[in-house]
Structures are given as C-alpha cells and as structure tokens.
Amino acid sequence: MISTSSLFAYSAGSVVVAPELGIGFTYPQASLVGKDNADDDANQNMGLYWSLGFTGSYFFTENLALISGLTLEHNSSELEWKDANGAGDKFTVEFDQYRLVLPIGARFHYSMFMVGGGLHLSTIVSNKATFNWPGAGDDETGHLHAKAALGFFIDAGVDIKTADKNSLLVFLRFKDDLTYFFRDRDFADSEGLFGGLRNLSLSLNASYSFQMN
C-alpha cells in the first residue's frame, strides 16, 4: 500500500510546473596551452555548483514529457600551476561564474522512476576570474569576456507523490558544455595560460511539481 500510494500518475496532455534547486560541484575543462606556450601540467580543481529556477513539462503520453524552463546557476572552479616560478610556489586562477540556462529535453516516467536528458543553452551573467601570482601580494581580479555556450544534460531520479496533483522529484543531473564559453584572454599577463574553458557539473536536484490540469 505504501509503494502504491507513492506513485505519481500523469495523463496525456498534463502540464506540470516545478520550482527547482540543486547543489553539487563543477569541474573546469580547460584547453591548456601552458604558461610559456609549452605543454602544461596544471591541476583542474573542482568547486561549488548550485542552481535555482523552474521547469515546465508537457506530457505527450502518460510516460513521455517535453521539458524546458529557466535556471540561474553558479559555477566555481580553479586552475592551479605548482612550482610556477621554479621556487616551489603555485599560481592559481579562480573562476566564479553566474549564468542563465535554458534546457530543452525530454523525460520518461515509469512507476516512480524518471530518466531524461537534452540540450541546454547558457548565457553569462557574470564571469569573474581571480589571478593569484606567486609573490605578487594582492590578487588580480577581473571579468572574462565570455559568450553563450551549448551543452547537454542527463537526469535520473525518483518522482514521489505528495498530493493528488503534486509530487516531489529528486534526481541527479550530469551537465556538460559542448562549446567553450571563453576563448580569448582578458588579461595581458595571462597570455598563453589557457585557450578555452568549459564547465562540467554533477548535482543533486529537487523540484516540487504542480500539475496544472
């Protein structure tokens, strides 16, 4: 009885809206060219990821839905060069990014389980980089001239009924950029550090669904 009551049934033509939040980590995918235009051994360190937004779903059948929405997300990450000056010091570039993300995809619901995926288009709201040079004292901070990026996402989770037309959806999301959001260098001193940047993230997400019809 408990198992049966936790299932959430949709019907063809159902329209569902859901506020959504997520938390996880971001991994920087940098096309590195080296500080002196040579092969580079920089560490690519993960950082905090979070997202806040909403998702809308339209069910073509009882199981298959088209989804879209709008999300504000935060990505932070770091590139680290050890022994950057031959004296054992390290040089880091810390990235702090906010962007708006438009996902377009599909989800398949079966019993209380959900899998899905699709493409996303992101546009930069803020893209700050902080350079920490060995022995230089104060860090150097500025905003990289970033552009929109195209990527894909994959979802998998459970949909738990809480009321006749409401449910709690808890899922993992893997998201990766297919194109670089940054290519040109914004700081004269950073010439030769990296040729391109993309984001990869893994997050635990939760949304609360409201069936509108």
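The values are calculated or read from the model by the stated rules, or taken from the named source; none is laboratory data. None of the values given here were measured: they were computed from a predicted structure. Positions of Cβ are backbone-derived with ideal geometry, glycine not excepted, and every protein chain shown enters the neighbour counts.
When every residue of region 138-149 is checked against the conditions, none turns out to be exposed (fewer than 14 other Cβ atoms within 10 Å of the Cβ) and within 20 Å of residue 173 (Cα to Cα). Against the numbered list (1) at pLDDT 85 or above; (2) in contact with a Lys or Arg (Cβ under 7 Å, 6 or more places away or on another chain), residue 110 comes up short only at (2). In region 73-132, of all residues being basic (Lys, Arg) and buried (at least 18 other Cβ atoms within 10 Å of the Cβ), the one that is farthest from residue 202 (Cα to Cα) corresponds to 107. Whenever a residue of region 104-132 is farther than 21 Å from residue 68 by Cβ and of a type in the set (Lys, Arg), its partners that are modelled with pLDDT under 90 and not in a strand (DSSP E or B), lying with C-beta atoms within less than 8 angstrom and at least six residues away or across chains, give the pairs 128/144. Pairs linking a residue in region 194-211 that is over 30 Å from residue 9 (Cβ atoms) and part of a strand (DSSP E or B) to a residue that is basic (Lys, Arg) and modelled with pLDDT of 95 or more, with Cβ atoms under 6 Å and 6 or more positions apart or on different chains, are 201/175.
Candidates 161, 175, 147: the one that is of a type in the set (Lys, Arg) and either over 30 Å from residue 15 (Cβ atoms) or not in a strand (DSSP E or B) (or both) is 147.
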